[in-house]
Amino acid sequence: MAMRVLVLAAAFVLAVAPALGQPAEVILLRHGDKDRQRGDYNLSPRGFRRAINLGRLLPACFGPIQRIGSYRLAVASEKNARSYQTAVPLAVATGLNIKMFTDSADGTPYDGAELLQAGWAQGKTVVLFWEHRRMPALAMALGWDGMGAIGKDDFDGLYRLRYTPGKFLPDVSVSRESELFQQACFVNATSPLPAVPLP
């Protein structure tokens, strides 16, 4: 219930002041693969290959990426490094800094609502790398309540939310990264990142 109230409040704010910062689109991605047997907080080698390939794919297949955001990296405990690690290759490829959402462990819904009003995101294509259990709450705060729970071993989803100026609810498309890695825009892409095997 509280989540729906938050979404309605964000919709009202945008209805009365649509120029506050609505992005052109938000691309939501889970962090890359992990190795449960290792028990660390880092990407697995497969996850690192996924991150590099995403850094090549996103600019080639979705046009200029203008902002990058990441779920928090807990410096004290070293937890949640994977979202940031997955964002790094895209940042290297584009020369963009990574905005760290430092309160995302507790404030994911607020991060989404804030993003819809943020001047730094206005009219931009924003890519967010997130923790899978909190992605549905983030999507809901961004105006899409149709994201179901993401399986603990599902690292392959790409969720594209495109906004029409002044309209809160986005047009949503869902893709599988493994299928996008077969598209000509990726296969023929030029990138400052090295070509590595697919995950």
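The values are calculated or read from the model by the stated rules, or taken from the named source; none is laboratory data. As the structure is a computational prediction, the values presented were derived from the model and not from experiment. Cβ: placed from backbone, ideal geometry, glycine included. Neighbour counts: every protein chain shown. Areas reflect the complete protein model, heavy atoms only, side chains present, ligands, DNA and RNA absent. Shrake-Rupley method; radii C 1.70, N 1.55, O 1.52, S 1.80 Å.
Observations, loosely collected:
- Fraction of accessible area attributable to carbon and sulfur, region 79-151 (%, probe 1.4 Å): 47 percent
- Principal-axis tilt of helix 45-62 within the chain, Cα atoms, nearest 10 degrees: 60 degrees
- Rg over Rh, two decimals, the chain (C-alpha only, Kirkwood Rh): 0.95
- 21 Å Cα-Cα threshold exceeded, pairs from LYS79/LYS124; LYS34/LYS79; LYS34/LYS124; LYS99/LYS124: LYS79/LYS124; LYS34/LYS124
- Once the 1.4 Å probe is applied to the protein heavy atoms, region 31-105 comes out at 46 Å² accessible per residue.
- Choice from ARG72, ARG49, ARG176 showing the highest fluctuation, given a GNM over the chain with Cα pairs closer than 10 Å: ARG176
- In nm, spacing of pseudo-spin labels at ALA195 and ARG176 (7 Å Cα→C-beta vector): 2.4 nm
- Region 149-179 residues near the modelled CYS185 label - backbone nitrogen below 20 Å, point 7 Å along Cα→Cβ: 156-165, 170-179
- Against the chain, whose longest principal axis comes from its Cα atoms, helix 81-94 is set at around 90 degrees.
- Relative to the longest principal axis of the Cα atoms of the chain, helix 104-115 runs at roughly 60 degrees.
- Between GLN122 and ASP103, residue separation times 0.36 nm minus the direct Cα-Cα distance comes to 4.7 nm.
- Of SER77, SER104, SER178, the residue with the greatest mean-square motion in the GNM of the chain, using alpha carbon springs below 10 Å, is SER77.
- Placing LYS79, LYS34 in order of accessible area, with the largest value first and a 1.4 Å probe, yields LYS79, LYS34.
- Highest-fluctuation residue, LYS167, LYS124, LYS152 considered, GNM on the chain with Cα pairs under 10 Å: LYS152
- Separation between Cα centres of region 15-89 and region 108-178, rounded to whole Å: 12 Å
- For the chain, the relative contact order is 33 percent, taking Cα pairs closer than 8 Å that sit 6 or more residues apart in sequence and dividing their mean separation by the residue count.
- Basic side chains Lys and Arg get +1 at the Cβ, acidic Asp and Glu get -1 at the Cβ, and with that the dipole of the chain about its Cα centre reaches some 200 debye.
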